[in-house]
1. Aspartates and glutamates within cross-link reach of Lys231: Cα-Cα under 12 Å, excluding same-chain residues under 8 positions apart?
2. I'd like the distance separating the alpha-carbon centroids of the stretch 287-358 and the stretch 142-220, in whole Å.
3. For the chain, what does -39500 (n - 2.57) per DSSP helix run (n ≥ 4), summed and divided by total residues, give at 222 nm, in deg cm²/dmol to the nearest 500?
4. Which order do the peptides 110-121, 234-245 take when ranked by the mean count of other beta-carbon atoms within 10 Å per residue, highest first?
5. Springs between alpha-carbon atoms under 10 Å, Gaussian network over the chain: tell me which of Glu412, Glu77, Glu128 tops the mean-square fluctuations.
6. Any idea what the relative contact order of the stretch 17-127 is, in percent, if you count C-alpha pairs under 8 Å spaced at least 6 apart?
7. Translational diffusion coefficient, Stokes-Einstein: compute it for the chain using the Kirkwood radius over C-alpha pairs as Rh, at 4 °C and 1.567 mPa s, and state it as an integer in µm² s⁻¹.
8. Going down the table (Lys139/Lys373; Lys223/Lys411; Lys60/Lys354; Lys126/Lys411; Lys126/Lys366; Lys216/Lys324), which pairs top 27 Å between alpha carbons?
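No value in this document is a laboratory result; all are computed from the given coordinates. Source: prediction; values computed, not measured. Every residue, glycine among them, receives a Cβ derived from its backbone with ideal geometry; neighbour counts consider all protein chains shown.
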Amino acid sequence: MKHFVFCVFIICSSLTGNTHAKCGNLFLTVNAATNYLEFNWDFTINCDEPPDSLHILQKKDSFKTYMQTIDINGTLEGYKLSNIKFGKPSYPGNWNSQNPILESSCYPFWIESQRNGTTIDSNCIKIEPAWMQQLGKLKIGNMMIPGTHDSGAWNSPHIPLITKYLLTQEYDLWGQLVSGIRYLDIRVGLYQEQAWINHGVFQCTKMKTEFQKLAKFLSLSPKEIVILHMKRFEIPKNFTYSHHQIILNLIQEVLGDYILPRNNFKNVYDLTLNEIWKTNKTLIVSYSNEDIVSESKWLWSDVLHKWGNTNNVLELYSYLNSVKGDHFHPPTPFCALMAELTPDENYIINNLDKSLRNMADEVNPKLNVWLRKYNWSDLVNIVATDFFLGNDVISIAIETNQRRLLKLDDKESKNKEEITSNGLP
């Protein structure tokens, strides 16, 4: 029997939205370059009487304050930068404390649509620390999983001139996971046996510190399955067997209690969340060195990356559109479409006033359309992005997986009806 798995998109940025919008899609994102909130709307589908205005408001307890209004009469879809800073507020749902809530929780910022002064719909920026817990029947390789590209590149000891084209994320691994990210893309640098997470040859963050945050999250949200992808080994250039052992020992030291061994399963392509939960192990460690993987009982094979390698959005779209349906890549049930914009040396020299934040802002609004309106979300497994608060990938993933679960439940129900109608016990 031939097994099919869905591809991993690695693109750029994420937020959650309403699963069942009352009129089209309505959500907020955060512009990576400015930190201003962005209005996002699409009333071209399932919306007979579109709203005529959108509002950003701040809610606290039972009070709400309207902060900005835009008229959209006749404009059925679009996005627009607001004049309201998101800042870096505390995580809702007690995720800054010791007793977090295992459910969606809203930041204080909301978007609201109105028609003739009457509220039609509203939605908030939220965290999704436990979105997998209702999806046990789904196969991990057939789910849409939101992720980040160069996940550890959220901070760096280097000067701003370098970090402009070095940093790809706003939040550390803790913030990414609490928000709903479940795929982490890690590049390794080893400096006198001190392990760092790199972006290329540049140091970003200390690996042990970041992995301790991952361990804490896994302990607090025990049904969330995370894919930790050790993708590249950048420094030293000659990364030897002994260097790999240093990294593997660190992973085992910090994360060993949570690691799901690959050798526990004969068939990873049909592996469901329910089956994973039975092991009480929820961390998949993918390692991009097959010699090391072949010696290990717990490492998973490299997640395949498909990389557009372009700084042009149209070229990026063309590439992703051509490969989005290429699903089957054994021996792993996962694959990655590297869909972020990538600057080359000439681009950086000619755009010293810009950064990876600006490049992410070119992609993110369009990515929402590609995934949701063009139905790409039905074809993908992991979608990893830069500056994930700039798009709606987490929300789209949750919607997509809920839709897949409903289809599966419906199929099971029909099969039971057929058995009953045929007089079988």
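1. Result set, ordered by chain and number: Asp150, Asp185, Glu290, Asp302.
2. 16
3. Details: 10 runs with 110 residues, N = 425.
That comes out to -8000 deg cm²/dmol.
4. Working: 110-121: 17.0, 234-245: 12.8.
By packing density, highest mean first, the sequence is 110-121, 234-245.
5. Glu412
6. Numbers: 242 pairs, mean separation 34.6, N = 111.
This gives 31 percent for the stretch 17-127.
7. Numbers: Rh = 22.3 Å.
So the translational diffusion coefficient is about 58 µm²/s.
8. Numbers: Lys139/Lys373 24 Å; Lys223/Lys411 25 Å; Lys60/Lys354 36 Å; Lys126/Lys411 32 Å; Lys126/Lys366 21 Å; Lys216/Lys324 34 Å.
Among Lys139/Lys373; Lys223/Lys411; Lys60/Lys354; Lys126/Lys411; Lys126/Lys366; Lys216/Lys324, the Cα-Cα distance tops 27 Å for Lys60/Lys354; Lys126/Lys411; Lys216/Lys324.
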